[in-house]
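The values are calculated or read from the model by the stated rules, or taken from the named source; none is laboratory data. Given the structure is predicted, the values throughout are model-derived calculations rather than measurements. Ideal geometry is used to build each Cβ from the backbone, glycine not excepted, and the neighbour counts take in all protein chains shown.
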Amino acid sequence: MKRVNPSHDITVYERDPAGSTYGWGVTYWDELHQSLHLADPESAQVISENSVRWDSWIAHVHHRATVTVTHGEVGFGIGRHRLLDILAERARSLGVRVEYEHEITHEDELADADLVVAGDGINSVLRERHAGHFGTEVTAGRNAYMWLGTTKVFDSFTFAFVETEHGWIWCYGYGFSEDHSTCVIECSPETWRGLGLHQTNEADSLALLEKLFADVLGGHPLLGRAQADGSAHWLNFRTLTNRTWYRGNLVLLGDAAHTTHYSIGAGTALALGDAAHLVHALHGETQLESALARYDHERRAEIRVTQRAARYSAQWYENLPRYIGLPPEQMFALLCERHSRVLPYMSPRLYYQIGHMVERISLLPIFRRRRDSKAT
């Protein structure tokens, strides 16, 4: 916003201290990488220099096989702390004020502002004050998950599925720096309770998880959140939607407006995309009301495909027993197809066979017969 028009007077109010954030690494994909360079080449260059990249995916299936897919879509990882530092430094260099440890709980605190952008997350205080107007709905997922770090550096985006006497438990791992990776652990509620993870503290939870995932971690530790009370920070993912994203001069952005399941790695990309669309709408309309209405209508329509893909991805993991008994190559192929709208309603084996057949046909040479102009 400041870059498009330096005369704008913009202040960012951050409730947490500088350098404080939840989570470890952020994933993003080549599409966002290109969009960042179009929106702000200076910060995009610094983000690129501080990111790691991968173009292969590996799936480890306990005691059965390891499947590797290479030359897929290029992915990137960057430390969440580093990303926030880069964005804050860039904002300040352009003349934006950034105030830390300053939470806004009521838009009246900013009565002199022309526009208030609420990017305060899924638990947005500003949104919740008007939840009826926004039409906020939240749906909790079935599986339990915990967001962890590790000193194991994954060269590829890594999935690991481990079978226990209480069911399957799995992780997603990806590098985000030269010495750290993110490791998200997930399992069904039955496995979570069966393993006793519902009542163990963080230290005991990490010790058990390190044992379960010893092969993929290679002796490296898992790193938690260091809760003040020592509890393990297990969660159920909450999918949040809103009927509208604005009220008066208050507009929602990022997780305050919508959430998408972490298994598709789109949260950061969608938040940055929201910001870009909001700026475009504000500078494309002469009235604030029409600009916010345009942002609300166009952006919500644009992300529906991603939201749908996220829902199907979450459901794939919630129905893991449907796929885990397949041969590992087939299971991993369907893991890569978890966004499909058709897969939940078709036999997994049949879906794989049809997909494999279509792939083989697409590799056959195609001959085109040129019509002879003299032929009858």
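Mind checking which residues of the stretch 204-239 are hydroxyl-bearing (Ser, Thr, Tyr) and part of a helix (DSSP H, G or I)?
From the stretch 204-239, those hydroxyl-bearing (Ser, Thr, Tyr) are 205, 231, 239; that's our starting set.
Result: Ser205, single match.
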Inset, instruction - Of all residues in the stretch 182-214, count the ones that are within 30 Å of Tyr28 (Cα to Cα) and among the charged types (D, E, K, R). - result: 4
Legend entry - Selection count, the stretch 97-143, where residues are in contact (Cβ under 8 Å) with a residue 12 or more places away in the chain, in contact with a strand residue (DSSP E or B) (Cβ under 6 Å, 6 or more places away or on another chain) and not charged (D, E, K, R): 16
Legend entry - Residue identified as at pLDDT 95 or above, of a type in the set (A, V, I, L, M) and within 30 Å of Gln287 (Cα to Cα) among Leu209, Leu240, Leu195, Leu222: Leu240
Inset, instruction - Kindly check whether there is at least one residue in the stretch 183-192 that is more than 19 Å from Cys336 (Cα to Cα), at pLDDT 95 or above, surrounded by fewer than 16 Cβ atoms within 10 Å (Cβ to Cβ) and touching a Ser or Thr at 6+ places or on another chain (Cβ under 7 Å). - result: no
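Tally the residues that are of a type outside the set (Asp, Glu), part of a strand (DSSP E or B) and either on the phi > 0 side of the Ramachandran plot or surrounded by fewer than 19 Cβ atoms within 10 Å (Cβ to Cβ) (or both), restricting the search to the stretch 57-83. Steps first, answer last, please.
Kept after step one, since they are of a type outside the set (Asp, Glu), are these residues of the stretch 57-83: 57-72, 74-83.
Now restrict to residues that are part of a strand (DSSP E or B): 57-61, 65-72, 74-79.
Going one step further and asking which of them are either on the phi > 0 side of the Ramachandran plot or surrounded by fewer than 19 Cβ atoms within 10 Å (Cβ to Cβ) (or both), we end up with 65-66, 68-72, 74.
Number satisfying all stated conditions: 8.
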Inset, instruction - Tally the residues that are small (Gly, Ala, Ser) and outside any loop (DSSP other than H, G, I, E, B), restricting the search to the stretch 240-260. - result: 2
Legend entry - Failed item, numbered, when Glu186 is tested on (1) acidic (Asp, Glu); (2) assigned to a helix (DSSP H, G or I); (3) within 27 Å of Thr259 (Cα to Cα): (2)
Inset, instruction - Spot the failing condition for Trp147; the list is (1) touching a helix residue (DSSP H, G or I) at 6+ places or on another chain (Cβ under 7 Å); (2) within 30 Å of His130 (Cβ to Cβ), and only one is missed. - result: (1)
Legend entry - Which listed residue, of Tyr312, Tyr352, is aromatic (Phe, Trp, Tyr), surrounded by 12 or more Cβ atoms within 10 Å (Cβ to Cβ) and either part of a loop (DSSP other than H, G, I, E, B) or at pLDDT 95 or above (or both): Tyr312
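Of these, Glu42, Glu14, Glu49, which one is over 25 Å from Phe159 (Cα atoms), acidic (Asp, Glu) and crowded, with 16+ Cβ neighbours inside 10 Å? Can you show your working first?
Details: Glu42 fails: crowded, with 16+ Cβ neighbours inside 10 Å; Glu49 fails: crowded, with 16+ Cβ neighbours inside 10 Å.
After ruling out the rest, the residue left standing is Glu14.
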Inset, instruction - Just need a number here: residues in the stretch 144-158 that are farther than 12 Å from Leu223 by Cα, modelled with pLDDT of 95 or more and surrounded by fewer than 20 Cβ atoms within 10 Å (Cβ to Cβ). - result: 1
Inset, instruction - Would you mind telling me which numbered condition in (1) surrounded by 16 or more Cβ atoms within 10 Å (Cβ to Cβ); (2) assigned to a helix (DSSP H, G or I) His37 fails? - result: (1)
